[in-house]
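To start, the structure itself, in structure tokens.
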Protein chains: 2
Amino acid sequence: MGTEISTIGEFGLIKRLTEDIKLVNSSSIKGVGDDAAVLSYPSDKRILVTTDMLMEGVHFDLVYTPLRHLGYKSAVVNFSDIYAMNGTPKQITVSIAISKRFEIEHIDEFFSGIKLACENYGVDIVGGDTTSSLTGFAISITCIGEVDKDKIVCRDGAKETDLVCVTGNLGASYMGLQLLEREKAVFRTSKADDIQPDFAGKEYILERQLKPEARKDIIEALDKAGIIPTSMMDISDGLSSELLHICNQSQVGCRIYEENIPIDYQTAVMAEELQMSPMTAALNGGEDYELLFTVPLANHEKISSIPGVKLLGHITKKDLSAALITKDGKELELQAQGWNPLINK
Amino acid sequence: MGTEISTIGEFGLIKRLTEDIKLVNSSSIKGVGDDAAVLSYPSDKRILVTTDMLMEGVHFDLVYTPLRHLGYKSAVVNFSDIYAMNGTPKQITVSIAISKRFEIEHIDEFFSGIKLACENYGVDIVGGDTTSSLTGFAISITCIGEVDKDKIVCRDGAKETDLVCVTGNLGASYMGLQLLEREKAVFRTSKADDIQPDFAGKEYILERQLKPEARKDIIEALDKAGIIPTSMMDISDGLSSELLHICNQSQVGCRIYEENIPIDYQTAVMAEELQMSPMTAALNGGEDYELLFTVPLANHEKISSIPGVKLLGHITKKDLSAALITKDGKELELQAQGWNPLINK
């Protein structure tokens, strides 16, 4: 049995959630507790701002999402956007709206995940809003970060002959989601009392869905290697959709090779089990939070030596459009079939 | 008949809403269209960040709130928090979650209000998120502003003998809300087909509720007069609650005088009609978005000459606590009975 939030009210809840916060970044001057947070950045830095809104029933299902993981993921997906600009996340604000069914202990769990993510990535919680909703749980996080002003990487800088690179592997998070949805359906339709979900050997794809990480390590490795990508973004809606963003904004085309697309063993096994194509998960699945970027051809040797980076193909002239070369040599035009919350309901 | 949002999808909607945005502030380097917005502030400025979340059915009722007004108000309440730090708002991000009942034209209306507020206050829209919700409309806005680093005003600087000042008048927004709720109830219970709400002579309190303004003018007047308040905040939860914040954070007490509390004629008339105390509306009503601040006693003459500023009383030692002196000379301890979304459901 938990404790009703109305016993402590909004100010009591805010105090409980924020009283142990210690600011670690020199750019965080004043955090929670006034009309606004106060930050201070040196003038040789550019300031990056990104924001994400997550709605219960649309972006997450509390039937199989632990609140602590949800907190962690909510923060990390924002950090990922800052890294995707070649920056470093420094502050977040966390706003939540909660319905009556949530108790103080639920919110504690959610915030413990947010705080763990902030600790792992060196980010300060400097503000937010805590309010109620008629139904469901709504989360809105804004992340602020910094980047040296001559090192910003946008989506519009890819040039012909640049190498197209991706980190980690793709499609795992999507297959993790399919697994969770399958087990939820089994649980709901079963008459047995003692039914347990079957997750053995599938821990990796579950973790990729429930507790993803942002590629801080890659941004640091690129910096160490002296590489500034010509364009970059994180993969939240699927490789196809993101590659098309880079091609459209950079006014170029690309050729990527199916055989180069990194897919984990567990992703492939799960796809086979569900009679789906692992390539569809990789191209259109989304929620990978890997980095997609382009580097000049001259960086070939340097980029090949960074662990966790895979070369997918290269940038072409715009009139060659964006295409996937399949293993049997066919050329397929890439389509943006990524997850779209306003269509895929 | 409107147009379903699924006909254009998330990217189509974002394009529609943002393609006419022109950035006006030199600190806005890059707005919507990448993983994060890019800002640049000089090092003699502090950066202010505030965020607010508004949920349908909790913070607003679309039965009587025009979407254009809702957009305007959503932006302005954030600007108000930046002014309350003695700052100037410069950028906002706008995130919305919408259910299936919303059509493109609804979102156009809402954004037209946001854009009008941004135009009136010189603020750039630099980012946001557009997604779906299972039920209701959710809005989350983050505002970024700037202030000279030696001019920041927080809640914790009030000193004994300082004058307590407030702008405009109080309680009007609350009485406007009561009027709207009354007319809604009349409409719902009436059997007549042609019933029309009775708003004659009450335009001011309705405007205060539906389309409030932030006190940019006062921040500019204080600057012109060479006054830096010792503490300041905006009144969103009611005068009592906010005065207690200043007293608690500044470790002081205060004496304010009932006869000095500014109440508009329409507020008083509406309160009488509803057999309520206008003083309750002023002390605990909330959503006034006026500024509450303290200045050194030496500023008495200067502050008295600024139109729209009223002296409420003065700051005392902490052990005298925070009290209201009534018109008949009684001393009442101030209580935080402001609106609390996690209790007052």
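Values quoted throughout were computed directly from the atomic coordinates according to the rules given, and no laboratory measurement underlies them. None of these values were measured; they are calculated from a predicted model. For neighbour counting, all protein chains shown are included, and Cβ atoms are generated from backbone atoms with ideal geometry for every residue, glycine included.
Structure summary
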{"read-out": "Viscosity 1.002 mPa s, 20 °C: Kirkwood-radius Stokes-Einstein D of the protein assembly as shown over Cα pairs, µm²/s", "value": "80"}
{"read-out": "Distances in nm from A:Glu109 to the matching label points in the other copies, shortest first (labels 7 Å along Cα to Cβ)", "value": "3.9"}
{"read-out": "Low-density loop cleavage sites - chymotrypsin sites (Phe, Trp or Tyr not before Pro) in segment B:100-178, where at most 13 other Cβ are within 10 Å (DSSP)", "value": "none"}
{"read-out": "Check: the protein assembly as shown dipole with +1 on Lys, Arg Cβ and -1 on Asp, Glu Cβ, in debye", "value": "600"}
{"read-out": "Spatially proximal lysines relative to A:Lys73 (Cα-Cα < 20 Å; intrachain offsets below 8 disregarded)", "value": "A:Lys90, A:Lys115, A:Lys202, A:Lys211, A:Lys216"}
{"read-out": "Computed [θ] at 222 nm, helices only, for chain B once each DSSP H run of length n ≥ 4 contributes -39500 (n - 2.57)", "value": "-10000 deg cm²/dmol"}
{"read-out": "Where N is the number of residues in segment B:36-88, Cα Rg divided by 2.2 N^0.38 Å", "value": "1.48"}
{"read-out": "Trypsin sites (Lys or Arg not before Pro) restricted to segment B:49-152 and DSSP loop, no more than 16 other C-beta within 10 Å", "value": "B:Lys100, B:Arg101, B:Lys149, B:Lys151"}
{"read-out": "At 7 Å out from Cα toward Cβ: B:Asn260 inter-copy label distances (nm, ascending)", "value": "7.3"}
{"read-out": "Euclidean distance between Cα centres, segment A:197-269 to segment B:246-308, Å", "value": "55"}
{"read-out": "Cα-centre dipole for segment A:154-226 with unit charges at Cβ (Lys and Arg positive, Asp and Glu negative), debye to 20", "value": "180"}
{"read-out": "Bins of 10 Å, starting at 0 and running to the largest distance - Cα pair percent for chain A", "value": "5, 24, 31, 25, 12, 3, 0"}
{"read-out": "Trypsin sites (Lys or Arg not before Pro) restricted to segment A:15-65 and DSSP loop, no more than 11 other C-beta within 10 Å", "value": "A:Lys22"}
{"read-out": "Cβ charges +1 (Lys, Arg) and -1 (Asp, Glu), total dipole of chain A, debye", "value": "440"}
{"read-out": "Cut-off 11 Å between beta-carbons: net charge of the residues surrounding A:Pro89, Lys and Arg +1, Asp and Glu -1", "value": "-1"}
{"read-out": "Segment B:29-97 and segment A:83-126: distance between their alpha carbon centers, rounded to Å", "value": "20"}
{"read-out": "Which of B:Leu243, B:Ile144, A:Leu222, positive extreme of dipole for the protein assembly as shown (C-beta unit charges)", "value": "A:Leu222"}
{"read-out": "Diffusion constant of segment A:163-333 at 37 °C, which comes from Stokes-Einstein with the Kirkwood Cα-pair radius and 0.692 mPa s, µm²/s", "value": "192"}
{"read-out": "At 7 Å out from Cα toward Cβ: B:Val24 inter-copy label distances (nm, ascending)", "value": "4.0"}
{"read-out": "Given 16 as the ceiling on other Cβ atoms within 10 Å, longest exposed-site-free region of chain A for GluC sites (Glu not before Pro) in DSSP loops", "value": "A:161-345"}
{"read-out": "Length-normalised contact order of chain A in % [C-alpha pairs under 8 Å, at least 6 apart]", "value": "21"}
{"read-out": "Segment A:5-148, Rg to Rh (Cα coordinates; Rh as Kirkwood inverse mean 1/r)", "value": "0.97"}
{"read-out": "Of the DSSP H helices in chain A, those whose Cα atoms cover at least 18 Å axially and whose Kyte score averages -0.5 or more", "value": "A:67-83, A:104-121, A:172-189"}
